[in-house]
Amino acid sequence: ERHQVPLTKGRLVQDNLSKFAALVAFLTRITPVYSAKNSPWVRIVELIGLTILIVLSSQVMFLWLMLILMLVHLLILPGSVIITISKKLCKLLLVSLVVLLPSLLLQANNIGLFLARIALIMLNISIFLSITSWPQFIQGLKQLHLPNVIILTLDITMKYVYTLGVYIQELLSSIKLRTFGQHVNRRVLGVIIGQVYLSAKKRTSDLYQAMLLRGYNSNNVASWRLSWNKYDVISMGELLLAIVAYCLIRGVVA
């Protein structure tokens, strides 16, 4: 039975168990929070296209149009998904502000425009992450015919992150059981890092040997063909309209 033991000190294990459980649950999620009807490769193209347009634009009117477009995307999503996107957006904005704080302090003008671009880009990424799972993202990269080495490296990396997450979760659970209700010294963090390193090294070596024995080569990766449906046409139409609006607004201002 699961039982939480209240500890006044040494909550290192208890706090991190929940975090790693959430990480493992996220990496094992095959289906996204909301099942989008357009193809994965179209979502990737739309994400990259809109992000490039937002970065290149210096016109407030175009940024307003992008905000309206993304709000329309939010309107078709369930309320629970919108809440998830809002939480994800807040975290991304917080990290972005911390990273970009020196640039904001040194920049004398157009700070509002700079922040508006960052907010729109983070909102676009949050929507994409909420409607696209990791397997769908890999499928989209295959449909776009990216080099197999890049796709395989990304796929193996994420699977190893999941494997190490499970291993760390098991390690923390064993420490929790051995120190039931007792104070946990924070020096155990160094032991955990050492165990994770040794485990990762061993698993990587085992995978390499298994691939050699099975005669793996880059041509064994299955390829995906581009698929079209009416929702893909709508998404590409939105991207095309955004490009036309960007060119028109830029031409009028110039």
Task: Residues within segment 173-190 that are modelled with pLDDT of 75 or more and surrounded by 12 or more Cβ atoms within 10 Å (Cβ to Cβ), tallied - done: 1
Task: Scan of segment 65-90 for residues that are more than 17 Å from the chain's Cα centre (by Cα) and surrounded by 12 or more Cβ atoms within 10 Å (Cβ to Cβ), ordered by number - done: Leu65, Met66, Leu67, Leu69, Met70, His73, Leu74, Leu77
Open item on the list: Let me confirm something: among Leu93, Leu164, which residue is open to solvent by 30 Å² or more (accessible area, probe 1.4 Å), modelled with pLDDT under 80 and of a type in the set (A, V, I, L, M, F, W, C)?
Closed with: Leu164
- [ ] Please go through segment 46-90 and pick out each residue that is among the small types (Gly, Ala, Ser) and at pLDDT 90 or above.
- [x] Gly49
Open item on the list: Just checking, does segment 99-120 include any residue being over 14 Å from the mean Cα position of the chain (by Cα), among the basic types (Lys, Arg) and closer than 23 Å to Ser57 by Cβ?
Closed with: yes
Open item on the list: Suppose we filter segment 145-161 for residues that are free of Cβ contacts under 8 Å to residues at least 24 places away in the same chain and either open to solvent by less than 50 Å² (accessible area, probe 1.4 Å) or not in a helix (DSSP H, G or I) (or both); how many remain?
Closed with: 3
TODO: Of the numbered conditions (1) farther than 14 Å from Gln59 by Cβ; (2) modelled with pLDDT of 75 or more, Val221 fails exactly one; give the number of that condition.
DONE: (2)
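The values are calculated or read from the model by the stated rules, or taken from the named source; none is laboratory data. Here the structure is a predicted model, which means the values were calculated and not measured. Cβ sites come from the backbone with ideal geometry, for glycine too, and all protein chains shown count toward neighbours. Just so you know, the surface numbers come from the protein's heavy atoms only, side chains and all, with ligands and any DNA or RNA stripped out. Shrake-Rupley method; radii C 1.70, N 1.55, O 1.52, S 1.80 Å.
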